[in-house]
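*Asks:* Just passing along the structure, written as structure tokens.
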């Protein structure tokens, strides 16, 4: 039996708990006299550990600001939560988001413009990684994003398997197809060692569109998805999977595919893997064979997109919290933190002083794989400043890439459909 | 109607296969949770861990505030189950015992809601809560479930079989309607109410969908969300840790099931 | 009985009816309204008429989502019913051992979908999963069950069957209790074999139970979300994009409130159809019981 008193007590308790969630964006949150900055971050494991250590160091190093880091799953989880949080008035002060969504969030007016913040315009970012170089026309826009964990796609090779097959890391698509053939081993039991693997996804496709000489959005704003080049990239994958049978599309979607391909690579069941520089340290630390990093091969030219995320401050937060968040962001951009972050994870060092210091210390001489990632910045193609970019990525292109590669549907037909879809207003 | 020996043995064998099909996956979950990462990478299918390593559990408790998530989850599930019963009793009483205009209509509304799942309403409810600034609060987790169409329906059915004389006698004694509902009838419905409470508790303790769409950060994050986050790490999945999280998540419910199996089973089959 | 005061019945019903109205009935109206607008939650909404409905039906998207959902449901409903009935017949025996097996099967119904989905993901893991190892050991071709668009949806459905069979088993067991032993014994005396007894005595008496299990399982499987969200996120190549996941993706990942609302409206209409079926079945059962 449930007594009336218990019912009332439970109701009162739930009301009390509920009210703690209301209206908290009105005033800056303070704890022990320090301003609390809520920071939503994505990613886990090594990256998470390093980030939390840096946050703890920042919190210990001063007594005005307390950064509270909240884990939100992977990038897209975190982004979904961020956008719904904004809409519901429950957004944090600070977060980090993938580049592709920055133009959209900026247009929606939810990002804090940072030009007026102390020292913002003077931060010495590596051009390709800051907003200015990461976007076509990124400098014409108000400054709304600060590079945080930036990366490019890169090729990881199992040096032992490449040596056995007398193969050098491929420099062109043709070499890639040829070498993958030499590296693929079919065993009787059905377990195959694959020559090459890459998650079937937007980021790698964008790299190949550039390599095949195309661009996603023309200078006049038309979304062409690379035209011929976009279809060529899809056909190249289809050929490797279905005709040459030297590549396995990894199972799962999004980061599940990334995880699974990385595991296969570490287990020695893939000779060459395209993944993010972000996992350089993780892969080196966990591989039981020598790992050689190589730039992505070229087709008609060399091209890679940048990836990873930018710090953004949310406009809806109280001013004091935003100022406090800015302190943290600036601190993270100091050479020392930038170096700690990049050398321990594999993300790119985002400021020039950090790079210079790393060169002085002989870091790149000792870590040629890191050098490869850094050198590849020369072939970065910036993202278009297109508000629809994320929708094009998630809703228009990505499912069709899977469709094309897994089921072998005609590339031209699919990309036509995609362009049609991209032109439709959301 | 005696079974032959051979047939009984066949039945036993099949029953063993069924038990294996449902128990081995749990066993696999527990075994994995006591392994280490190198073991999983090197011999993923090894039936037993090299030794009982509790590192995965330590990692779970280090990355998740397990106690807080568990507290939020249990509080939410208890609040929902309690509210459902508290509200279903008077509503069921009115529908079962009282004569009034519009009763058929009211009962029709309850029945209609029985057929609308949360999955069909979450988009508009999210929009409403977003407007009311209630996303990410306990209210958003509890309030939409505080009234249960199913609970109201079941309480009404159960009360229908309680003789009117009991209510009439109580009224003669001067008991208020409140007393009649909560002090006299509720104890008589104890088996129904206990079953209702347990089913509701288990359902909401386990629920992943609603907390996922109604929370944005970890202010009121529930344990199923936290455990699901263990997988969403970006780098290689560390299955021993995910399985350890799974064990932590499932143990309370399985323990409750072991203790209250009869009630749960009756509640599920009583709906038929 | 007459209420003591005229307002009593409505007073007693008020909290329940108010909450049901706000959280079950009003939302349908809101969804219908929002489905006529294009809105991303952050910038002002724009009236677009039926454009959202046209967008979700372009390239057969809506049809595919509905077919996938139906396909998933078909496997789950037939699978759980066949297995549940078989297990009920098998385990409807006295003794602790059988009680233990019944509890084992039913326990999967009690455990969280999160735990079940994660557990099966691990067992089906393309690299290290035991399921793949087992399949290869018996000589089956090596396919990645969750990574292959042809296999992903049936695989999820099998997980659903594993999770929900306990439910149908329990309901069938309850149904079996209503089959009079005397009737079975009489049939046995008349020389009816086990199959004949099942076919001519048990089955007709279980028919209403079966109809009940079928409709409730259909409604449950129609709402499948957790298993998709955790195991495949709708992939590969949208092969597992079921209705609720599609709605979730539209509103939370694509921030397209209009399309999500349009999908919700269609989903609701489909549910109404299923529910109509369910009501008819329940009515006829209630009729039988009286």
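*Asks:* Taking the criterion of being over 30 Å from the mean Cα position of the chain (by Cα), surrounded by fewer than 22 Cβ atoms within 10 Å (Cβ to Cβ) and under 30 Å from residue A:86 (Cβ atoms), would at least one residue in the stretch C:12-35 satisfy it?
*Replies:* No: the stretch C:12-35 contains no residue that is over 30 Å from the mean Cα position of the chain (by Cα), surrounded by fewer than 22 Cβ atoms within 10 Å (Cβ to Cβ) and under 30 Å from residue A:86 (Cβ atoms).
*Asks:* Could I ask something else about it? Only one of these conditions is not met by residue A:259: (1) more than 10 Å from chain B (Cβ to nearest Cβ); (2) over 16 Å from residue A:171 (Cα atoms). Which number is it?
*Replies:* (1)
*Asks:* For the stretch C:8-27, which residues satisfy the criterion of being more than 7 Å from chain B (Cβ to nearest Cβ) and modelled with pLDDT of 90 or more?
*Replies:* Just the residues of the stretch C:8-27 that are more than 7 Å from chain B (Cβ to nearest Cβ), to begin with: C:10-11, C:14, C:18, C:21-22, C:25-26.
Answer for the stretch C:8-27, where residues must be more than 7 Å from chain B (Cβ to nearest Cβ) and modelled with pLDDT of 90 or more: C:10, C:11, C:14, C:18, C:21, C:22, C:26.
*Asks:* Can I ask one more? Suppose we keep only residues that are more than 24 Å from the chain's Cα centre (by Cα) and at pLDDT below 85 within the stretch A:376-420. Which one would you say is farthest from the other protein chains (Cβ to nearest Cβ)?
*Replies:* Checking each candidate, the answer is A:408.
*Asks:* Considering only residues that are surrounded by 18 or more Cβ atoms within 10 Å (Cβ to Cβ) and under 14 Å from residue A:45 (Cβ atoms), which ones fall in the stretch B:45-63?
*Replies:* Correct list: B:56, B:60, B:63.
*Asks:* Out of all the residues in the stretch A:245-256, which are within 14 Å of chain C (Cβ to nearest Cβ), over 30 Å from residue A:423 (Cβ atoms) and in contact (Cβ under 8 Å) with a residue 60 or more places away in the chain?
*Replies:* Once the filter is applied, which keeps residues that are within 14 Å of chain C (Cβ to nearest Cβ), over 30 Å from residue A:423 (Cβ atoms) and in contact (Cβ under 8 Å) with a residue 60 or more places away in the chain, the stretch A:245-256 yields A:245, A:247.
*Asks:* May I ask you to say which residue of A:394, A:419 is under 30 Å from residue C:150 (Cβ atoms), surrounded by fewer than 22 Cβ atoms within 10 Å (Cβ to Cβ) and in contact with a strand residue (DSSP E or B) (Cβ under 8 Å, 6 or more places away or on another chain)?
*Replies:* Testing whether each residue is under 30 Å from residue C:150 (Cβ atoms), surrounded by fewer than 22 Cβ atoms within 10 Å (Cβ to Cβ) and in contact with a strand residue (DSSP E or B) (Cβ under 8 Å, 6 or more places away or on another chain) leaves just A:419.
*Asks:* In this structure, does residue C:209 turn out to be surrounded by 15 or more Cβ atoms within 10 Å (Cβ to Cβ) and closer than 19 Å to residue C:81 by Cα?
*Replies:* yes
*Asks:* Right, another one. Please find, among A:74, A:45, the residue that is in contact (Cβ under 8 Å) with a residue 40 or more places away in the chain, within 17 Å of the chain's Cα centre (by Cα) and crowded, with 20+ Cβ neighbours inside 10 Å.
*Replies:* The match here is A:74.
*Asks:* Report whether or not residue C:230 is farther than 30 Å from residue A:258 by Cβ, within 17 Å of the chain's Cα centre (by Cα) and modelled with pLDDT of 85 or more.
*Replies:* Here the answer is no, as residue C:230 does not meet what is asked.
*Asks:* For the stretch A:80-101, give me the residue count where each residue is more than 10 Å from chain B (Cβ to nearest Cβ), part of a helix (DSSP H, G or I) and touching a strand residue (DSSP E or B) at 6+ places or on another chain (Cβ under 6 Å).
*Replies:* Total meeting the criteria: 1.
*Asks:* Something else now. Suppose we filter B:243, B:172, B:214, B:188 for residues that are in contact (Cβ under 8 Å) with a residue 60 or more places away in the chain and either over 20 Å from the mean Cα position of the chain (by Cα) or farther than 30 Å from residue A:95 by Cβ (or both); which single one remains?
*Replies:* On the way: B:172 fails: in contact (Cβ under 8 Å) with a residue 60 or more places away in the chain; B:214 fails: either over 20 Å from the mean Cα position of the chain (by Cα) or farther than 30 Å from residue A:95 by Cβ (or both); B:188 fails: in contact (Cβ under 8 Å) with a residue 60 or more places away in the chain.
Answer to the selection: B:243.
*Asks:* In the stretch A:63-90, what count of residues is obtained for those that are touching a helix residue (DSSP H, G or I) at 6+ places or on another chain (Cβ under 7 Å) and within 25 Å of residue B:231 (Cβ to Cβ)?
*Replies:* 10
*Asks:* Find the residue count for the stretch A:361-384, including only residues that are more than 25 Å from residue A:292 (Cβ to Cβ) and either out of contact with any helix residue (DSSP H, G or I) (no Cβ under 9 Å at 6 or more places or on another chain) or surrounded by fewer than 20 Cβ atoms within 10 Å (Cβ to Cβ) (or both).
*Replies:* The total comes to 1.
*Asks:* Suppose we filter the stretch B:118-165 for residues that are farther than 30 Å from residue B:180 by Cβ, assigned to a loop (DSSP other than H, G, I, E, B) and in contact (Cβ under 8 Å) with a residue 40 or more places away in the chain; how many remain?
*Replies:* If we filter the stretch B:118-165 for residues that are farther than 30 Å from residue B:180 by Cβ, which is where we start, we get B:118-141.
Add one more test, that the residue is assigned to a loop (DSSP other than H, G, I, E, B), and what stays is B:121, B:132-137.
From the residues that got through so far, the ones that are in contact (Cβ under 8 Å) with a residue 40 or more places away in the chain too are B:135-137.
Final tally of qualifying residues: 3.
*Asks:* Looking at (1) buried (at least 19 other Cβ atoms within 10 Å of the Cβ); (2) farther than 20 Å from residue B:83 by Cβ; (3) away from chain A (no Cβ under 12 Å), which one does residue B:222 not meet, given that it meets all the others?
*Replies:* If we test residue B:222 against (1) buried (at least 19 other Cβ atoms within 10 Å of the Cβ); (2) farther than 20 Å from residue B:83 by Cβ; (3) away from chain A (no Cβ under 12 Å), just (2) comes out false.
Residue-by-condition table, conditions (1) in contact with a helix residue (DSSP H, G or I) (Cβ under 8 Å, 6 or more places away or on another chain); (2) facing chain C (nearest Cβ under 9 Å); (3) surrounded by fewer than 24 Cβ atoms within 10 Å (Cβ to Cβ); (4) modelled with pLDDT under 90:
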| residue | (1), (2), (3), (4) |
| --- | --- |
| A:231 | yes, no, yes, no |
| A:234 | yes, no, no, no |
| A:237 | yes, no, yes, no |
| A:240 | yes, no, no, no |
| A:243 | no, no, yes, no |
| A:270 | yes, no, no, no |
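*Asks:* For residue B:229, which of the numbered conditions (1) within 14 Å of chain A (Cβ to nearest Cβ); (2) within 25 Å of residue B:154 (Cβ to Cβ) fails to hold?
*Replies:* (2)
*Asks:* Continuing with the same structure: Quick check on residue B:10: is it surrounded by 13 or more Cβ atoms within 10 Å (Cβ to Cβ), part of a helix (DSSP H, G or I), within 14 Å of chain C (Cβ to nearest Cβ) and more than 31 Å from the chain's Cα centre (by Cα)?
*Replies:* Criteria met by residue B:10.
*Asks:* Consider only pairs whose beta carbons are under 7 Å apart and that are at least six residues apart or on different chains; among these, list those whose first residue lies in the stretch A:156-168 and is over 10 Å from residue A:292 (Cα atoms) and whose second residue is assigned to a helix (DSSP H, G or I).
*Replies:* Here the result reads A:161/A:183; A:165/A:182; A:165/A:183; A:167/A:179; A:167/A:182; A:167/A:183, each pair linking the stretch A:156-168 to a residue that is assigned to a helix (DSSP H, G or I).
*Asks:* When the stretch C:20-48 is examined, which residues are found to be on the phi < 0 side of the Ramachandran plot, out of contact with any strand residue (DSSP E or B) (no Cβ under 7 Å at 6 or more places or on another chain) and not in a helix (DSSP H, G or I)?
*Replies:* Matches in the stretch C:20-48: C:35, C:39, C:40, C:42, C:43, C:44.
*Asks:* Considering only the stretch B:17-116, give the helices (runs of 4 or more DSSP H) lying wholly within it that have at least 2 residues that are facing another protein chain (nearest Cβ under 10 Å), under 30 Å from residue C:221 (Cα atoms) and more than 24 Å from the chain's Cα centre (by Cα).
*Replies:* Working: elements: B:37-42, B:55-63, B:66-97, B:103-114.
Output list reads B:103-114.
*Asks:* Turning to a different aspect of this structure: Within the group A:122, A:88, A:80, which residue is within 24 Å of residue A:330 (Cα to Cα) and free of Cβ contacts under 8 Å to residues at least 24 places away in the same chain?
*Replies:* After ruling out the rest, the residue left standing is A:122.
*Asks:* Oh, and also: With the structure loaded, tell me whether residue A:300 is more than 22 Å from residue A:47 (Cβ to Cβ) and modelled with pLDDT of 90 or more or whether it fails that test.
*Replies:* yes
The values are calculated or read from the model by the stated rules, or taken from the named source; none is laboratory data. Here the structure is a predicted model, which means the values were calculated and not measured. Positions of Cβ are generated from backbone atoms using ideal geometry, with glycine treated the same way; all protein chains shown enter the neighbour counts.
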